[in-house]
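I have placed the structure first, in the form of structure tokens, so that the comments after it can refer back to it.
The values are calculated or read from the model by the stated rules, or taken from the named source; none is laboratory data. Every value quoted in this text rests on a predicted model; they were computed, and no experiment measured them. Virtual Cβ from ideal backbone geometry, glycine too; neighbours counted across all protein chains shown. For accessibility, only protein heavy atoms count, side chains too; no ligands or nucleic acids. Shrake-Rupley method; radii C 1.70, N 1.55, O 1.52, S 1.80 Å.
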Amino acid sequence: MAKDTVRYPDAVVDQIDALVDDGMFESKSEFYRFSAEYVLTLVDPDHDVETFNFEEIKAELDIPEESDGADADADSFLLEAIITVRKHGLRGDYEAAEGFIDDHYEPTDRECLILEELLGTYRD
């Protein structure tokens, strides 16, 4: 298993710590692995999930298997946000990606956490 060092805003780390303290995740590592795999399944439905208990965690978080179309606009915007953050990450333009995330999401939004996790995968 590879090891990456990723920096996160203090507020994000505080929220992750709170989720671990509340028992939502067994550890910060479990949170990070789940978050990364979840984003990968959003971007690539054929992604082969390797995270232990992924489906169990997803069920506990009450994440629906498929959208019924009611949230299509939100889903489309999230996909566009993922593409935007990925583009900036690939180019090494982390400040632009952070600015995009900060401009469009509150630090407590689930989508914000997912996008920041995605951005973290592009940092050295």
Calculated Rg and Dmax of the chain using C-alpha coordinates, Å: 14.2, 38
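Whole number in Å², please: accessible area per residue of the chain, 1.4 Å probe, ligands, DNA and RNA not counted. Working shown, then result.
Numbers: 8350 Å² over 124 residues.
With the other protein chains kept in place, the chain gives 67 Å² per residue.
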Karplus-derived 3J(HN,Hα), 6.51/-1.76/1.60, for each residue of the range 35-48, Hz, glycine and proline x: 4, 5, 5, 4, 4, 4, 6, 6, 6, 9, x, 8, 4, 8
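With a 1.4 Å probe and every protein chain kept in, tell me what percent of the accessible surface of the range 10-61 is carbon plus sulfur. Let's see the in-between values first.
Values: 1560 of 3220 Å².
Exposed carbon and sulfur together represent 48 percent of the surface.
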Backbone HN-Hα couplings from phi across the range 51-60 [Karplus 6.51/-1.76/1.60, Hz, Gly and Pro as x]: 5, 4, 6, 4, 5, 5, 5, 4, 5, 5
Separation between Cα centres of the range 85-124 and the range 29-46, rounded to whole Å: 15 Å
Dipole of the chain [Lys/Arg +1, Asp/Glu -1 at C-beta], most positive-end residue of 39, 82, 92: 92
Relative contact order for the chain, counting Cα pairs under 8 Å that sit 6 or more residues apart, in percent: 34 percent
Residue 123 accessible area, assembled protein chains, probe 1.4 Å, Å²: 60 Å²
